[in-house]
Amino acid sequence: MFRYLIRRLLWAAVLFLVITLVTYVIFFIIPANPAKLNCGQRATPTCIRNAEKTLGLDKPVYVQYAKFLERLVVHQNLGKSFSTRQSVNGIVGNAAPVTASLVFGGAILWMLIALPVGILSALRPRSLLDRTSMVFVLIGISAHPVWIGLILSYLVGFKLGWTPITGYCDFINPATDCGGPVQWAWHLILPWITFAILFAALYVRMVRANVMEASNEDYVRTARAKGAPEHIVIRSHILRNALLPVVTMLGMDIGVALGGAIFTESIFSLPGLGKTALDSITTFDLTVTQGIVVFATFAIIIFNLLVDLLYAVIDPRIRLT
Amino acid sequence: MHKRLWLSIAALAIGAGLLVAAGFASPASSNTAKAGSKAAKGGTLRVDQTSDFDFIDPALAYFSHSWQVELATQCKLLGFPDKEAKAGGSRIVPDAAKSLPAISKDGKTYSFTVRSGIKFADGTNVTAANFAYAINRDLQPKMSSPATTFLEDVAGAKAVLDGKAQTASGVKASGNKLTIKLSKVAPDFLARMTMPFFGAIKTDTPVNPDGIGAPAKGASCGPYFVSDWTQKRQLVMSRNTFYKGSRPANPDQIVENIGIAPDAQRLRVESGETDVGGFPPAAAAELRDKYGVNKMHTGSSPSFIVRPQAVFWYLNLNHDQPLFKNNDALARAVNYAIDRPQMVRQHGALAGTRTDQILPIGFPGFKDANIYPLKGSNYAKANALAKGKTRGGKCEFWTFNRTFGPTVAQVVQFNLAKIGLNCNITPLDRVVETTKGGTRGAQFDILLNGWGQDYPDPYDFINILLSGTSIQPENNVNLSYFNSPKWNARMAAASRLSPPARYTAYAKLDKDLMAQAAPVAPYVNTNARVLVSKRVGCYVYSPAYNVSILNALCVS
């Protein structure tokens with residue numbers, strides 16, 4: 001187990017270097033000068049020169065990258081935004097809880113939908129419930145989250161007035177004039193639904209397929225033949241095996257989503273990592289883009305590692321070597 | 001079979017229901033409440049913004065909505081009345097200065113007297129030293145301020161910019177007297193001093209390239225100050241209780257909600273969640289039909305406001321490339337061939353007014369010259385001019401890849417094909433377009449571009465965009481690479497004149513440039529289009545800064 005962990009961490013470091021290096025290279029290939037953007041539409045050579053010095057852009061690219069790595073590894077500092085000169089640590093630190101609120105809340109919602117619907121569908125194939133859930137799956141996979149979000153925002157938020165149209169409130173320590181758990185949840189209802197629908201549809205299909213496959217296994221037939229009650233057969237034999245892949249997928253999907261649920265955040269004006277990344281890319285703000293890439297990379301690496309470790313705990317047949 | 005039929009019907013019903021929801025576009029039920037009276041003072045004004053402010057530091061703020069905040073919070077030596085254009089909102093007036101400055105006989109020295117009794121939001125007195133400090137702080141290399149562009153002719157500025165001095169020798173403050181000496185005559189200097197870069201700031205404000213944060217009491221001697229700014233969330237302006245001037249301070253508080261998408265802004269204004277917002281350009285026609293234009297429906301429904309801006313969109317015709325080099329006839333042919341109404345339609349309803357001139361309509365120095373057709377193409381005239389001048393007939397058209405960029409390019413491509421020019425369209429990101437286009441030697445023939453005023457003087461348009469003396473290897477703004485000694489001399493001569501001769505000269509220059517050389521093909525002066533809620537009782541737009549004057553809006 002220890003050797004496995006060390007190996008995974010070393011690979012994670014290599015992956016991190018490759019991803020950040022590629023981000024840097026792509027950024028500098030694009031013909032845009034952040035220093036000129038700082039100086040406005042009538043930028044003079046003097047202003048651009050001074051801005052390049054302030055932003056550290058007067059050094060060669062490899063020197064800038066080396067400084068970035070040194071700042072990150074030694075000082076845990078992601079630098080300052082090119083556009084606003086704010087600390088990127090602060091920008092990412094403010095945006096991450098918003099995305100986490102959306103992703104974890106959405107994940108709970110999609111699992112609350114996917115598990116019972118998927119299991120019941122599998123246990124009663126071709127029933128009315130099963131067919132209805134498959135229609136839901138088709139719609140959930142086909143409809144784009146942007147469209148779903150706009151429809152919900154318009155119908156539920158605007159026409160019915162049941163929820164806010166957009167916006168975010170902090171759970172604790174509100175930064176604006178709205179905050180607290182109730183406001184936080186009320187503002188996230190529509191984003192959670194929008195975010196969850198696609199994943200719920202995918203997971204219903206996955207759970208249904210896994211449960212149906214597990215139901216046909218020899219050990220299930222043996223358990224039934226030995227007279228085990230049906231609820232024990234379902235709980236201890238079918239579900240335990242069928243849900244293992246779901247654990248894997250859940251961890252990976254949450255890890256990826258923590259990098260920024262761009263569509264949902266944009267529609268509902270949530271100041272999370274996705275929207276921040278989109279803004280930073282359109283303003284050629286390398287440091288913020290890089291900061292979010294670093295965070296997303298760490299999130300994916302950590303969640304994948306946690307999933308693998310959890311898998312070994314849940315399934316005694318798995319040995320990590 | 002029976003079961004399957006019912007299931008199919010159920011699925012069809014669900015799908016149909018979703019389609020109905022998608023097409024559901026009936027307007028919100030109108031509020032039948034009586035129109036309320038226009039409340040003059042009090043209340044919280046809520047404003048939605050699509051993007052965050054860049055800075056609230058006067059030395060660094062450059063976004064238009066950042067200048068809107070500066071307008072409400074600063075005091076400057078000179079400014080504009082908080083009024084619409086027709087009520088005198090375009091006239092330079094003293095703000096913190098007692099009067100317009102005395103100008104020396106050689107035209108290079110400006111002497112201001114600062115009014116007494118002006119205070120920052122923390123109660124500290126404002127003196128001439130605060131304005132001198134603002135200028136010197138702008139010049140510090142560490143600040144990397146965009147203001148340096150507008151201060152290069154201040155005596156001693158170069159020494160500060162080069163790091164050889166802390167203060168510019170030409171800026172002197174003593175008590176309430178401020179003297180600014182220039183290295184050359186610059187009749188546009190007064191217009192430049194109205195820019196927010198030169199608002200008073202406390203002399204203990206650090207020279208920090210990160211800018212100041214909130215609360216920004218030490219940079220606020222206007223009706224409000226920024227009391228809170230949570231980046232990407234909200235900015236709050238509160239009344240400056242020490243402000244005793246005559247500028248309006250109607251709302252008790254102004255709250256700016258940041259990062260709201262345009263379609264959400266529209267819904268929020270219509271539902272009353274916010275007071276001032278935008279909308280997707282495609283919705284302009286619907287809003288016009290629903291609310292009329294410039295009709296205040298205070299108390300009953302939102303109002304749709306349209307105001308002209310000092311912004312124009314145009315085609316740069318690259319004189320560095322073979323197609324348009326020494327080919328004025330073809331440049332004029334392009335101006336005859338383009339279908340300006342169709343190009344403007346791509347911006348959405350009420351997007352602007354068609355134009356064929358460089359200076360915006362109503363701008364100082366503008367005089368309508370009726371040079372090219374504004375109602376459509378004149379292919380007969382265009383072909384007559386283009387005959388034998390198309391030099392192979394191929395052209396490279398650079399545009400930006402969002403909103404109206406691609407569609408305007410397609411309209412122009414269609415128009416120019418009629419005169420024998422077959423253009424290949426290359427859509428680029430807007431920043432990439434101007435960066436690549438701004439590098440000398442760029443391989444485009446035509447480039448779609450826009451320009452808005454920094455300050456209300458024709459120099460900021462004609463000289464900046466078309467004088468060949470400013471062309472450099474990269475970071476160019478003259479993307480037509482137009483460099484004619486004859487026209488350079490005329491532009492320089494006009495820049496040395498003072499009003500009213502200045503405006504007369506620029507009016508003639510504008511007309512002659514377009515009629516004879518046509519280095520660009522202008523097509524629209526854009527409008528600002530704003531949606532305000534039924535709570536808003538009065539609305540004022542600044543023609544000088546192209547923004548809503550938030551301190552002059554009133555809410556019930």
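Just so it is clear, none of the values below were taken in a lab; they were calculated from the coordinates. Worth saying up front: this structure is predicted, and the values here are computed from it rather than measured. Positions of Cβ are generated from backbone atoms using ideal geometry, with glycine treated the same way; all protein chains shown enter the neighbour counts.
Here are some notes:
- The stretch B:282-354 and the stretch B:385-462: distance between their alpha carbon centers, rounded to Å: 15 Å
- Mean separation of Cα contacts under 8 Å (6+ apart) over length of the stretch A:109-168, as relative contact order %: 15 percent
- Residue range of chain A that is longest and free of trypsin sites (Lys or Arg not before Pro) which are both DSSP loop and sparsely packed (at most 12 other C-beta within 10 Å): A:1-125
- Kirkwood-type radius of the stretch A:1-146, with distances r between different C-alpha atoms, in Å: 20.4 Å
- Evaluated on the stretch A:237-304, the Kirkwood hydrodynamic radius is 13.2 Å, with distances taken between all distinct Cα atoms.
- Per-residue HN-Hα couplings for the stretch A:236-247 [Karplus 6.51, -1.76, 1.60; θ = phi - 60°; Hz; x = Gly/Pro]: 8, 10, 6, 5, 4, 7, 6, 8, 4, x, 5, 4
- Eligible lysines near B:LYS142 by straight Cα distance, threshold 24 Å, same-chain separation 8 or greater: A:LYS36, A:LYS53, A:LYS59, A:LYS67, A:LYS80, B:LYS76, B:LYS158, B:LYS164, B:LYS172, B:LYS181, B:LYS202, B:LYS217
- Cα long-axis angle, helix A:128-142 against chain A (0 to 90 degrees, to the nearest 10): 20 degrees
- For B:GLU396, the shell of other residues with beta-carbons less than 15 Å away shows a net charge of +1, using +1 for Lys and Arg and -1 for Asp and Glu.
- Percent antiparallel among DSSP beta bridges (both partners in the stretch B:217-370, rounded to 5): 100 percent
- Listed from fewest to most Cβ neighbours within 10 Å, the set B:LYS184, B:LYS105, B:LYS232, B:LYS217 follows the order B:LYS105, B:LYS184, B:LYS217, B:LYS232.
- Anisotropy class of the protein assembly as shown from Cα gyration tensor, a/c 1.5 cut: prolate
- Surrounding net charge for B:TRP229, when Lys and Arg each add one and Asp and Glu each subtract one, Cβ distance under 15 Å: -4
- Sparsely packed loop sites in the stretch B:256-309 (the trypsin sites (Lys or Arg not before Pro) outside DSSP H, G, I, E and B with at most 11 other Cβ atoms within 10 Å) comprise B:LYS295.
- Pairwise Cα distances in the stretch A:65-155 exceed 16 Å in 73 percent of cases.
- Fraction of antiparallel bridges per DSSP, the protein assembly as shown only, in percent to nearest 5: 75 percent
- Whether the stretch B:53-94 is rounded, prolate or oblate, judged on the alpha carbon gyration tensor where a/c under 1.5 counts as rounded: prolate
- Whether the stretch B:438-537 is rounded, prolate or oblate, judged on the alpha carbon gyration tensor where a/c under 1.5 counts as rounded: oblate
- In this Cβ point-charge picture (+1 for Lys and Arg, -1 for Asp and Glu), chain B has a dipole of about 1060 debye about its Cα centre.
- Helix A:45-55 axis, angle to chain A major axis (alpha carbon atoms, nearest 10°): 50 degrees
- Applying a DSSP loop filter and a limit of 11 other Cβ atoms within 10 Å to the trypsin sites (Lys or Arg not before Pro) in the stretch B:358-457 leaves B:LYS375, B:ARG402.
- Helix axis angle, A:273-282 relative to chain A longest principal axis, alpha carbon, degrees: 40 degrees
- Spread over its residues, the convex hull of the C-alpha atoms of the stretch B:106-184 is 98 Å³ per residue.
- Rounded to 5, the percent of DSSP beta bridges in chain B classed as antiparallel: 75 percent
- Its relative contact order, with pairs defined as Cα atoms under 8 Å and 6+ residues apart, puts the stretch B:395-475 at 36 percent.
- Across chain A, Cα-Cα distances exceeding 32 Å account for 44% of all pairs.
- The mean sequence distance of close C-alpha pairs (under 8 Å, at least 6 residues apart), as a share of the length of chain A, puts its relative contact order at 23 percent.
- Cα radius of gyration and Dmax for chain B (Å): 25.8, 100
- Chymotrypsin sites (Phe, Trp or Tyr not before Pro), loop per DSSP, at most 16 other Cβ atoms within 10 Å - longest free stretch of chain B: B:64-556
- Positive-end extreme of charge dipole, the protein assembly as shown - chosen from B:THR298, A:ALA32, B:ASN136 (charges on Cβ): B:THR298
- Positive minus negative residues near B:ALA382 (Lys, Arg vs Asp, Glu; Cβ under 12 Å): +4
- Under the Debye formula (equal points on every Cα, no solvent term), log10 I(q)/I(0) of the stretch B:220-358 at q = 0.14, 0.18, 0.20, 0.22 Å⁻¹: -0.90, -1.12, -1.23, -1.33
- Within chain B, the whole DSSP H helices whose Cα atoms reach 24 Å or more along their own axis and whose mean Kyte-Doolittle score is at least 0.0 are B:2-23.
- The magnitude of the dipole of the stretch A:8-80, with charges of +1 and -1 set on the Cβ of Lys/Arg and Asp/Glu and taken from the Cα centre, is near 140 debye.
- With neighbour counts taken as other beta-carbon atoms within 10 Å, the residues B:LYS534, B:LYS98 rank, fewest first, as B:LYS98, B:LYS534.
- Student exercise, the protein assembly as shown dipole from Lys, Arg, Asp, Glu Cβ charges, in Debye to nearest 20: 1020 debye
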